[in-house]
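> Starting off with a structure, shown below.
Derivation of every value follows stated rules applied to the coordinates shown; laboratory data play no part. Remember, it's a predicted structure, so these values are computed and weren't measured experimentally. Counting neighbours? That spans all protein chains shown, and the Cβs are built from the backbone with ideal geometry, glycine included.
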Amino acid sequence: MEIILGRTAGFCYGVKNAVENVKKELEKQDKLYCLGELVHNSVVIEKLEKSGLITIDKIEKAKGNVVIRAHGVQKQIYEKAKQMGINVLDYTCPNVLKIHKTVEEYANKGFYVILIGAKTHAENIGTISFCTKNSGIIENEEEINKVVEDVNKSDCKNVLIIVQTTFGFEKFNKYVEKIIKGIRNKEIIVKNTICNATKVRQEETAQIAKRVEAMIIIGGKKSSNTQKLYDIAKRYCNNTQIVEKREELNNSIIENVKKIGIMAGASTPKESINEVIESIQEQIGKPKNRK
Ligand code: SF4
């Protein structure tokens, strides 16, 4: 049996930067507050919490300092932290900061901003806070008509279409085509802000899934990019499973297969990937091959 491990599996540079900086800070201080989970991965969080990281759901609960995670936060949080005299350790990924800057700039110029992405995802909650009331989020195809209707009714002459960094590439193109068809008499600018790390990972997932008989996606249950990798893999390999830890591995999917593919989300640590591979090797008793 051959195991094909994706080269892009595991931490993206935004998450890596945030986690490494938090580790360094925890060497200097006993306690560090983080607004929301630093990454959507319970294995990483549990370890950091043992070293003093305290996850809070409101900025009001922070004392002395607060970590802003890679997904970024709403504009008001920076203002609130300033009022409270809290030191902000801002580890927002540069790609997300760029989106904030872009939407703010276009919103100030009077553009209607359409953001494609999940409504409840922290990144998008942050992004939309940098827009004016002339903005809307499209999470799924059914919501396109409603937002397009709002755009057509608005006084805005121009429209900016932007997208969550971890959104699916094919879906984004499909939605944009539909949105453009529906908008009347307005100038439209489309900015594909899906981050390159996400794009490459999604492409690699599809390539591997096409070649294997079973596919395992490793990542947190709340991780939207992991869920997207699962959807992509499932399209090409029906025998696909998503796991966060080795204990969740369903061994029946790797029985009697010759090739297994492995991919992991942007917030999955190396340890989790290695543990899952070890577990598979214990089942099949063979060494791993890298792609
Ligand atoms: S997925 Fe992309 S945008 Fe998001 S944190 Fe990672 S590198 Fe940054």
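> For a quick check, take a GNM of the chain with Cα springs below 10 Å and name the residue from Gln29, Gln207, Gln281 with the largest mean-square fluctuation.
Gln29
> I would also like to ask the following. Can you give the log10 of the normalised intensity I(q)/I(0) at q = 0.18, 0.19 Å⁻¹, computed with Debye over equal Cα scatterers of the stretch 1-88?
Per q value, in the given order, log10 I(q)/I(0) is -0.78, -0.86.
> Checking a compactness column here: for the stretch 97-190, what do you get for Rg(Cα) / (2.2 N^0.38 Å), N being the number of residues?
0.96
> Do any trypsin sites (Lys or Arg not before Pro) in the stretch 1-85 lie in a DSSP loop with no more than 10 other beta carbon atoms within 10 Å, and if so, which? Don't skip to the end; give the middle numbers.
Working: sites: Arg7, Lys16, Lys23, Lys24, Lys28, Lys31, Lys47, Lys50, Lys58, Lys61, Lys63, Arg69, Lys75, Lys80, Lys82; in loops: Arg7, Lys31, Lys58, Arg69.
Passing both the DSSP loop test and the Cβ count: Lys58.
> Here is a further query. So, in the stretch 13-94, how many Lys pairs have Cα atoms under 16 Å apart, if the pair is 8 or more places apart or on different chains?
Summing the qualifying lysine pairs gives 20.
> Moving on to the next point. Return the FRET efficiency for the residue pair Asn108, Glu141: r is the Cβ-Cβ distance, R0 is 25 Å, and the value is rounded to the nearest 0.05.
Details: r = 30 Å, r/R0 = 1.20.
It comes out at approximately 0.25.
> How much of the calculated P(r) for the stretch 144-291 lies past 28 Å, in percent of all Cα pairs?
34
> Another one. So what is the 222 nm mean residue ellipticity for the chain from helices alone, if each DSSP H run of at least 4 adds -39500 (n - 2.57) and you divide by all residues, rounding to the nearest 500 deg cm²/dmol?
Values: 10 runs with 125 residues, N = 291.
It lands at -13500 deg cm²/dmol.
> Moving on to the next point. In the chain, what is the volume of the convex hull around the alpha carbon atoms, normalised per residue and reported in Å³?
It comes to 126 Å³ per residue, whole-number rounded.
> Could you pull out the trypsin sites (Lys or Arg not before Pro) across the stretch 101-135 that fall in loop regions by DSSP (anything but H, G, I, E, B) with no more than 16 other Cβ atoms inside 10 Å? It would help to have the intermediate numbers written out before the result.
Working: sites: Lys101, Lys109, Lys119, Lys133; in loops: Lys109, Lys119, Lys133.
Filter output for the stretch 101-135: Lys109, Lys119, Lys133.
> Now for a separate question. At Gln207 and Lys133, where each label point lies 7 Å from the Cα along Cα→Cβ, what is the point-to-point distance in nanometres?
The modelled label-to-label distance comes out at 4.9 nm.
> Glu247 versus Lys199, label points 7 Å from Cα toward the beta carbon: distance in nm?
Each label point is offset 7 Å from its Cα along the Cβ direction, giving 4.0 nm.
> Something else: Can you give me the P(r) profile for the stretch 51-163? Cα pairs, bins 10 angstrom wide beginning at 0, each as a whole percent.
Over the stretch 51-163, the share of Cα pairs per 10 Å bin runs 14, 40, 29, 14, 3, 0 percent.
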